[in-house]
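Below is one structure; the comments refer to it alone.
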Amino acid sequence: MIEKIIKLRKQFDDDISLKKDTDEIEKLKNEYLGRKGYIAKMLKEISLLPKEERPKIGQLLNKTKKEIQKIVSEEENISLTKKNKTEDIFDITIPGKTFKIGSLHPIELILRKTQEIFLGMGFNFVDGPEIELDYYNFEGLNIPKDHPARDDQDSFYITTEILLRTQTSPMQVRTMENQPPPIRMISTGKCYRRDAIDSTHSPMFYQIEGLAVDKGIRFSDLKGVITEFCQQIFGKDRKVRFRPGYFPFVEPGAEVDVSCGLCEGKGCRSCGYTGWLEIMGAGMVHPNVLEMAGYDSKKLTGFAFGMGAERIAMLKYGINDIRLFFENDIRFLKQFK
Ligand code: 2NL
(Lines give C-alpha, C1' and ligand atoms only; values in the text may rest on other atoms or scores of the structure.)
Protein backbone atom coordinates (compact mmCIF):
# COMPACT_ATOMS: atom_id res chain seq x y z
CA MET A 1 0.00 0.00 0.00
CA ILE A 2 2.85 2.42 0.88
CA GLU A 3 4.42 1.77 -2.49
CA LYS A 4 1.10 2.38 -4.19
CA ILE A 5 0.81 5.80 -2.49
CA ILE A 6 4.38 6.76 -3.48
CA LYS A 7 3.67 5.68 -7.06
CA LEU A 8 0.48 7.77 -7.12
CA ARG A 9 2.42 10.81 -5.89
CA LYS A 10 5.03 10.37 -8.65
CA GLN A 11 2.31 9.83 -11.24
CA PHE A 12 0.69 13.11 -10.11
CA ASP A 13 3.97 15.02 -10.46
CA ASP A 14 4.36 13.74 -14.01
CA ASP A 15 0.75 14.55 -14.93
CA ILE A 16 0.77 18.07 -13.51
CA SER A 17 4.04 18.95 -15.21
CA LEU A 18 2.39 18.36 -18.58
CA LYS A 19 -0.95 20.09 -17.96
CA LYS A 20 -0.90 23.85 -17.97
CA ASP A 21 -4.23 25.30 -19.00
CA THR A 22 -7.14 25.83 -16.60
CA ASP A 23 -9.36 23.11 -18.06
CA GLU A 24 -6.61 20.47 -17.95
CA ILE A 25 -5.75 21.31 -14.34
CA GLU A 26 -9.45 21.08 -13.44
CA LYS A 27 -9.66 17.62 -15.05
CA LEU A 28 -6.57 16.43 -13.18
CA LYS A 29 -7.95 17.78 -9.89
CA ASN A 30 -11.04 15.67 -10.42
CA GLU A 31 -9.03 12.56 -11.29
CA TYR A 32 -6.99 12.74 -8.10
CA LEU A 33 -9.12 14.60 -5.55
CA GLY A 34 -12.68 14.06 -6.80
CA ARG A 35 -15.29 11.91 -4.99
CA LYS A 36 -14.45 8.96 -7.19
CA GLY A 37 -10.78 9.95 -7.60
CA TYR A 38 -7.62 7.98 -6.81
CA ILE A 39 -7.27 9.36 -3.29
CA ALA A 40 -10.90 8.65 -2.41
CA LYS A 41 -10.54 5.09 -3.72
CA MET A 42 -7.42 4.50 -1.67
CA LEU A 43 -9.02 5.93 1.48
CA LYS A 44 -11.72 3.29 1.09
CA GLU A 45 -9.06 0.57 0.66
CA ILE A 46 -7.56 1.52 4.04
CA SER A 47 -10.57 -0.02 5.81
CA LEU A 48 -9.63 -3.39 4.31
CA LEU A 49 -6.15 -3.30 5.89
CA PRO A 50 -5.22 -4.88 9.23
CA LYS A 51 -6.06 -2.54 12.12
CA GLU A 52 -2.46 -1.87 13.20
CA GLU A 53 -1.39 -0.75 9.70
CA ARG A 54 -4.27 1.70 9.22
CA PRO A 55 -2.97 4.81 11.15
CA LYS A 56 0.43 4.87 9.42
CA ILE A 57 -0.98 4.37 5.93
CA GLY A 58 -3.82 6.78 6.70
CA GLN A 59 -1.35 9.49 7.74
CA LEU A 60 0.75 9.03 4.60
CA LEU A 61 -2.28 9.13 2.36
CA ASN A 62 -3.59 12.32 4.05
CA LYS A 63 -0.20 13.99 3.73
CA THR A 64 -0.09 13.08 0.04
CA LYS A 65 -3.66 14.38 -0.42
CA LYS A 66 -2.70 17.73 1.14
CA GLU A 67 0.41 18.04 -1.02
CA ILE A 68 -1.61 17.35 -4.15
CA GLN A 69 -4.27 19.89 -3.07
CA LYS A 70 -1.60 22.52 -2.52
CA ILE A 71 0.07 21.98 -5.89
CA VAL A 72 -3.28 21.94 -7.70
CA SER A 73 -4.36 25.26 -6.17
CA GLU A 74 -0.98 26.84 -6.96
CA GLU A 75 -1.21 25.71 -10.56
CA GLU A 76 -4.79 26.97 -10.77
CA ASN A 77 -3.68 30.43 -9.68
CA ILE A 78 -0.79 30.58 -12.10
CA SER A 79 -2.89 29.55 -15.08
CA LEU A 80 -5.75 31.95 -14.14
CA THR A 81 -3.42 34.96 -13.85
CA LYS A 82 -1.86 34.10 -17.18
CA LYS A 83 -5.27 33.82 -18.82
CA ASN A 84 -6.47 37.20 -17.42
CA LYS A 85 -3.31 38.96 -18.43
CA THR A 86 -3.33 37.82 -22.02
CA GLU A 87 -7.00 37.59 -22.95
CA ASP A 88 -9.62 38.91 -20.61
CA ILE A 89 -8.44 42.31 -19.35
CA PHE A 90 -6.90 44.10 -22.30
CA ASP A 91 -4.55 43.82 -25.19
CA ILE A 92 -1.76 46.30 -24.61
CA THR A 93 -0.64 45.98 -28.23
CA ILE A 94 -3.76 47.71 -29.66
CA PRO A 95 -2.89 51.31 -30.64
CA GLY A 96 -4.51 53.99 -28.42
CA LYS A 97 -7.59 55.88 -29.51
CA THR A 98 -6.73 59.33 -30.88
CA PHE A 99 -9.22 62.21 -30.87
CA LYS A 100 -9.11 65.19 -33.19
CA ILE A 101 -8.54 68.65 -31.76
CA GLY A 102 -10.23 71.40 -33.77
CA SER A 103 -8.74 74.74 -34.74
CA LEU A 104 -9.99 78.30 -35.06
CA HIS A 105 -11.56 79.29 -38.38
CA PRO A 106 -9.27 81.60 -40.43
CA ILE A 107 -11.87 84.42 -40.23
CA GLU A 108 -12.00 84.04 -36.46
CA LEU A 109 -8.18 84.23 -36.40
CA ILE A 110 -8.30 87.55 -38.32
CA LEU A 111 -11.07 88.97 -36.10
CA ARG A 112 -9.21 88.08 -32.91
CA LYS A 113 -5.89 89.41 -34.19
CA THR A 114 -7.59 92.67 -35.29
CA GLN A 115 -9.29 93.10 -31.93
CA GLU A 116 -5.96 92.52 -30.18
CA ILE A 117 -4.16 95.11 -32.36
CA PHE A 118 -6.80 97.81 -31.82
CA LEU A 119 -7.16 97.05 -28.12
CA GLY A 120 -3.42 97.70 -27.96
CA MET A 121 -4.00 101.18 -29.45
CA GLY A 122 -6.69 102.07 -26.88
CA PHE A 123 -9.79 101.11 -28.89
CA ASN A 124 -12.54 99.09 -27.29
CA PHE A 125 -14.60 96.36 -28.90
CA VAL A 126 -18.37 96.72 -29.37
CA ASP A 127 -20.72 93.96 -30.54
CA GLY A 128 -24.24 94.50 -31.89
CA PRO A 129 -27.32 93.04 -33.60
CA GLU A 130 -27.34 91.63 -37.14
CA ILE A 131 -30.98 92.66 -37.60
CA GLU A 132 -31.06 96.45 -37.76
CA LEU A 133 -33.25 99.46 -38.35
CA ASP A 134 -32.97 101.15 -41.73
CA TYR A 135 -32.16 104.31 -39.78
CA TYR A 136 -28.91 102.96 -38.23
CA ASN A 137 -27.86 101.06 -41.35
CA PHE A 138 -28.46 103.89 -43.87
CA GLU A 139 -30.12 107.15 -42.77
CA GLY A 140 -27.82 107.86 -39.83
CA LEU A 141 -24.85 107.25 -42.12
CA ASN A 142 -25.83 109.98 -44.54
CA ILE A 143 -27.53 107.57 -46.94
CA PRO A 144 -31.17 108.76 -47.26
CA LYS A 145 -33.86 106.61 -48.90
CA ASP A 146 -33.27 107.89 -52.44
CA HIS A 147 -29.45 107.83 -52.25
CA PRO A 148 -27.71 105.98 -55.13
CA ALA A 149 -25.34 104.28 -52.63
CA ARG A 150 -28.28 102.05 -51.67
CA ASP A 151 -27.97 100.39 -55.08
CA ASP A 152 -24.47 99.11 -54.17
CA GLN A 153 -25.72 97.62 -50.93
CA ASP A 154 -28.87 95.83 -51.99
CA SER A 155 -30.20 94.40 -48.75
CA PHE A 156 -32.35 91.67 -47.26
CA TYR A 157 -35.38 93.54 -45.92
CA ILE A 158 -37.64 92.13 -43.22
CA THR A 159 -40.00 95.13 -43.36
CA THR A 160 -39.43 98.50 -45.06
CA GLU A 161 -37.77 99.71 -41.84
CA ILE A 162 -36.01 96.53 -40.65
CA LEU A 163 -33.22 94.71 -42.51
CA LEU A 164 -30.13 92.52 -42.12
CA ARG A 165 -27.26 94.97 -41.62
CA THR A 166 -25.12 95.54 -44.73
CA GLN A 167 -22.18 96.86 -42.69
CA THR A 168 -21.14 97.07 -39.04
CA SER A 169 -21.48 100.90 -38.99
CA PRO A 170 -24.92 100.81 -37.27
CA MET A 171 -23.08 99.94 -34.05
CA GLN A 172 -20.84 103.00 -34.43
CA VAL A 173 -23.91 105.24 -34.84
CA ARG A 174 -25.58 103.63 -31.80
CA THR A 175 -22.41 104.09 -29.75
CA MET A 176 -22.14 107.79 -30.66
CA GLU A 177 -25.81 108.28 -29.72
CA ASN A 178 -25.26 106.59 -26.36
CA GLN A 179 -22.04 108.10 -25.12
CA PRO A 180 -20.17 111.39 -25.22
CA PRO A 181 -16.78 111.71 -26.97
CA PRO A 182 -13.99 110.71 -26.96
CA ILE A 183 -14.76 107.47 -28.84
CA ARG A 184 -12.26 104.89 -29.94
CA MET A 185 -14.05 101.70 -30.93
CA ILE A 186 -13.99 98.79 -33.31
CA SER A 187 -16.86 96.53 -34.25
CA THR A 188 -16.67 93.21 -36.10
CA GLY A 189 -19.32 90.75 -37.20
CA LYS A 190 -21.55 89.24 -39.87
CA CYS A 191 -23.09 91.50 -42.52
CA TYR A 192 -25.47 90.66 -45.37
CA ARG A 193 -25.87 91.91 -48.93
CA ARG A 194 -27.95 90.70 -51.86
CA ASP A 195 -24.89 89.86 -53.98
CA ALA A 196 -24.50 87.00 -56.43
CA ILE A 197 -21.97 84.45 -55.16
CA ASP A 198 -18.60 84.31 -56.94
CA SER A 199 -14.96 83.97 -55.93
CA THR A 200 -14.94 87.41 -54.24
CA HIS A 201 -18.61 87.86 -53.21
CA SER A 202 -20.77 86.17 -50.60
CA PRO A 203 -24.24 87.25 -49.39
CA MET A 204 -22.92 86.83 -45.85
CA PHE A 205 -19.49 88.12 -44.91
CA TYR A 206 -17.62 89.59 -41.95
CA GLN A 207 -16.80 93.24 -41.60
CA ILE A 208 -14.31 95.02 -39.39
CA GLU A 209 -14.96 98.70 -38.73
CA GLY A 210 -13.28 101.29 -36.58
CA LEU A 211 -14.23 104.79 -35.38
CA ALA A 212 -12.46 107.50 -33.42
CA VAL A 213 -14.15 110.80 -32.51
CA ASP A 214 -12.64 113.55 -30.37
CA LYS A 215 -11.50 117.16 -30.44
CA GLY A 216 -8.70 117.65 -32.93
CA ILE A 217 -8.65 114.24 -34.64
CA ARG A 218 -6.89 114.55 -38.00
CA PHE A 219 -6.34 112.55 -41.18
CA SER A 220 -2.75 111.92 -40.04
CA ASP A 221 -4.15 110.06 -36.98
CA LEU A 222 -6.05 107.78 -39.38
CA LYS A 223 -2.88 107.18 -41.42
CA GLY A 224 -0.87 106.29 -38.33
CA VAL A 225 -3.47 103.88 -36.94
CA ILE A 226 -4.04 102.12 -40.29
CA THR A 227 -0.31 101.81 -41.00
CA GLU A 228 0.23 100.23 -37.57
CA PHE A 229 -2.65 97.79 -38.16
CA CYS A 230 -1.38 96.76 -41.62
CA GLN A 231 2.16 96.21 -40.42
CA GLN A 232 1.01 94.09 -37.48
CA ILE A 233 -1.23 91.98 -39.73
CA PHE A 234 0.95 91.65 -42.84
CA GLY A 235 4.48 92.45 -41.62
CA LYS A 236 6.73 95.37 -40.67
CA ASP A 237 8.10 95.70 -44.22
CA ARG A 238 4.72 96.55 -45.80
CA LYS A 239 3.87 100.06 -47.00
CA VAL A 240 0.44 101.71 -46.96
CA ARG A 241 -1.01 104.29 -49.34
CA PHE A 242 -4.23 106.33 -49.37
CA ARG A 243 -6.02 107.17 -52.65
CA PRO A 244 -9.10 109.41 -52.89
CA GLY A 245 -12.31 107.37 -52.66
CA TYR A 246 -16.00 108.05 -52.14
CA PHE A 247 -18.18 106.83 -49.28
CA PRO A 248 -21.29 108.82 -48.31
CA PHE A 249 -20.40 108.75 -44.57
CA VAL A 250 -16.92 110.27 -44.83
CA GLU A 251 -15.41 113.45 -46.22
CA PRO A 252 -12.71 113.27 -47.39
CA GLY A 253 -12.82 109.56 -48.15
CA ALA A 254 -10.02 107.21 -49.14
CA GLU A 255 -9.28 103.76 -50.48
CA VAL A 256 -6.40 102.17 -48.61
CA ASP A 257 -3.81 99.95 -50.32
CA VAL A 258 -1.03 97.84 -48.82
CA SER A 259 2.12 97.05 -50.81
CA CYS A 260 2.15 93.58 -52.42
CA GLY A 261 4.03 91.03 -50.31
CA LEU A 262 4.91 88.76 -53.23
CA CYS A 263 6.75 91.30 -55.40
CA GLU A 264 7.52 93.84 -52.67
CA GLY A 265 5.71 96.57 -54.61
CA LYS A 266 7.45 95.94 -57.94
CA GLY A 267 4.31 94.59 -59.63
CA CYS A 268 3.32 90.99 -60.30
CA ARG A 269 0.34 88.89 -61.42
CA SER A 270 -1.03 88.72 -57.87
CA CYS A 271 -1.36 92.53 -57.53
CA GLY A 272 -2.38 93.14 -61.17
CA TYR A 273 1.09 94.54 -61.89
CA THR A 274 0.43 97.62 -59.73
CA GLY A 275 2.50 96.64 -56.66
CA TRP A 276 -0.52 97.45 -54.44
CA LEU A 277 -3.46 95.53 -52.96
CA GLU A 278 -6.69 97.30 -51.97
CA ILE A 279 -7.66 96.41 -48.41
CA MET A 280 -10.15 98.93 -46.99
CA GLY A 281 -12.12 102.14 -47.18
CA ALA A 282 -11.58 104.99 -44.75
CA GLY A 283 -11.98 108.72 -44.20
CA MET A 284 -12.93 111.58 -41.90
CA VAL A 285 -16.44 111.14 -40.47
CA HIS A 286 -18.91 113.26 -42.46
CA PRO A 287 -20.23 116.27 -40.44
CA ASN A 288 -23.80 115.13 -41.22
CA VAL A 289 -23.11 111.79 -39.51
CA LEU A 290 -21.72 113.52 -36.40
CA GLU A 291 -24.69 115.94 -36.26
CA MET A 292 -27.31 113.17 -36.66
CA ALA A 293 -25.69 111.30 -33.75
CA GLY A 294 -26.04 114.44 -31.63
CA TYR A 295 -22.42 115.58 -31.81
CA ASP A 296 -21.31 119.16 -32.57
CA SER A 297 -19.46 118.90 -35.89
CA LYS A 298 -17.91 122.36 -35.36
CA LYS A 299 -16.06 121.17 -32.24
CA LEU A 300 -15.48 117.48 -32.99
CA THR A 301 -13.84 115.52 -35.77
CA GLY A 302 -13.30 111.82 -36.28
CA PHE A 303 -11.94 109.16 -38.58
CA ALA A 304 -13.48 105.84 -39.57
CA PHE A 305 -12.52 102.83 -41.64
CA GLY A 306 -14.10 99.60 -42.80
CA MET A 307 -12.83 96.37 -44.32
CA GLY A 308 -13.98 92.88 -45.21
CA ALA A 309 -12.44 90.24 -42.91
CA GLU A 310 -12.48 87.68 -45.76
CA ARG A 311 -10.41 89.95 -48.00
CA ILE A 312 -7.82 90.45 -45.24
CA ALA A 313 -7.68 86.66 -44.63
CA MET A 314 -7.41 85.94 -48.38
CA LEU A 315 -4.47 88.32 -48.74
CA LYS A 316 -2.75 87.19 -45.55
CA TYR A 317 -3.09 83.44 -46.19
CA GLY A 318 -3.04 83.42 -50.02
CA ILE A 319 -6.65 82.16 -50.45
CA ASN A 320 -8.16 82.73 -53.91
CA ASP A 321 -11.86 81.98 -53.39
CA ILE A 322 -14.15 83.43 -50.69
CA ARG A 323 -16.43 80.36 -50.88
CA LEU A 324 -13.73 78.24 -49.19
CA PHE A 325 -14.46 80.06 -45.90
CA PHE A 326 -18.07 78.88 -45.82
CA GLU A 327 -17.85 75.36 -47.26
CA ASN A 328 -16.15 74.18 -44.06
CA ASP A 329 -14.12 71.49 -45.82
CA ILE A 330 -11.93 70.04 -43.09
CA ARG A 331 -8.95 69.84 -45.50
CA PHE A 332 -9.12 73.64 -45.88
CA LEU A 333 -9.80 74.43 -42.21
CA LYS A 334 -7.06 72.25 -40.73
CA GLN A 335 -4.38 74.26 -42.53
CA PHE A 336 -4.82 77.11 -40.05
CA LYS A 337 -3.81 75.14 -36.92
C1 2NL B 1 -15.78 99.64 -47.13
C2 2NL B 1 -15.80 101.00 -46.59
C3 2NL B 1 -15.90 102.26 -44.61
C4 2NL B 1 -16.59 103.58 -42.77
C5 2NL B 1 -16.56 102.37 -43.41
C6 2NL B 1 -17.85 104.74 -41.02
C7 2NL B 1 -18.66 104.58 -39.92
C8 2NL B 1 -19.22 105.70 -39.36
C9 2NL B 1 -18.98 106.94 -39.86
C10 2NL B 1 -18.16 107.02 -40.96
CL11 2NL B 1 -20.24 105.54 -38.03
N12 2NL B 1 -17.61 105.94 -41.52
N13 2NL B 1 -17.30 103.63 -41.58
C14 2NL B 1 -15.90 104.65 -43.29
C15 2NL B 1 -15.25 104.51 -44.50
C16 2NL B 1 -15.24 103.31 -45.16
O17 2NL B 1 -15.92 101.01 -45.22
O18 2NL B 1 -15.99 99.45 -48.27
N19 2NL B 1 -15.52 98.65 -46.31
C20 2NL B 1 -15.47 97.31 -46.73
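The values are calculated or read from the model by the stated rules, or taken from the named source; none is laboratory data. Treat the numbers as computed from the prediction; the structure is a model and nothing was measured. All Cβ positions, glycine included, derive from the backbone under ideal geometry; neighbour counts span all protein chains shown. Side chains included, ligands, DNA and RNA excluded: accessible areas come from the protein's heavy atoms. Shrake-Rupley method; radii C 1.70, N 1.55, O 1.52, S 1.80 Å.
Worth a mention:
- The slack in the chain from E264 to D296, taken as 0.36 nm per residue of separation less the alpha-carbon distance, amounts to 7.2 nm.
- Between the stretch 270-305 and the stretch 109-187, the Cα center-to-center distance that results, in Å: 13 Å
- Contour excess over end-to-end distance, with Cα ends at D152 and I2 and 0.36 nm allotted per residue: 42.5 nm
- Within the accessible area of the stretch 193-337 (1.4 Å probe), percent carbon and sulfur: 50 percent
- Gain in span if fully extended, K113 to K83, counting 0.36 nm per residue against the direct Cα distance: 5.0 nm
- Relative contact order of the chain, pairs being alpha-carbon contacts under 8 Å that are 6 or more residues apart, as %: 15 percent
- Evaluated at q = 0.10, 0.12 Å⁻¹, the base-10 log of the normalised Debye intensity for the chain, with identical point scatterers placed on the Cα atoms, takes the values -0.70, -0.90.
- Calculated FRET efficiency for the pair R35/F336, C-beta based, R₀ 51 Å, to 0.05: 0.10
- Between D91 and D321, the FRET efficiency from the beta-carbon distance, with R0 = 45 Å, is close to 0.45.
- Each Cα pair under 8 Å and six or more residues apart adds its sequence gap; the mean of these over the residue count of the stretch 95-235 is a relative contact order of 24 percent.
- Cleavage-rule hits (chymotrypsin sites (Phe, Trp or Tyr not before Pro)) in the stretch 43-127: DSSP loop, at most 10 neighbouring Cβ within 10 angstrom: F90, F99
- Sulfur and carbon atoms: percent of accessible area, the stretch 1-67 [1.4 Å]: 53 percent
- The string of couplings for the stretch 310-319 from the Karplus curve (6.51, -1.76, 1.60, θ = phi - 60°) is 4, 4, 4, 5, 4, 6, 5, 9, x, 9 Hz, one whole number per residue in order, with x for Gly and Pro.
- Prolate is the label for the stretch 69-130, because a/c, from the alpha-carbon gyration tensor with a ≥ b ≥ c as root eigenvalues, is 1.5 or above and a/b exceeds b/c.
- Solvent exposure of the chain amounts to 59 Å² per residue of accessible area, where only protein heavy atoms count and the probe is 1.4 Å.
- No disulfide-compatible partner, judged by a Cβ distance under 4.7 Å, exists for the following cysteines of the chain: C191, C230.
- Debye-sum result for the stretch 100-256 in log10 I(q)/I(0), which assumes one identical scatterer on each alpha carbon, at q = 0.13, 0.14, 0.17 Å⁻¹: -0.70, -0.82, -1.21
- For the stretch 243-337: rounded, prolate or oblate by the Cα gyration tensor [a/c cutoff 1.5]: oblate
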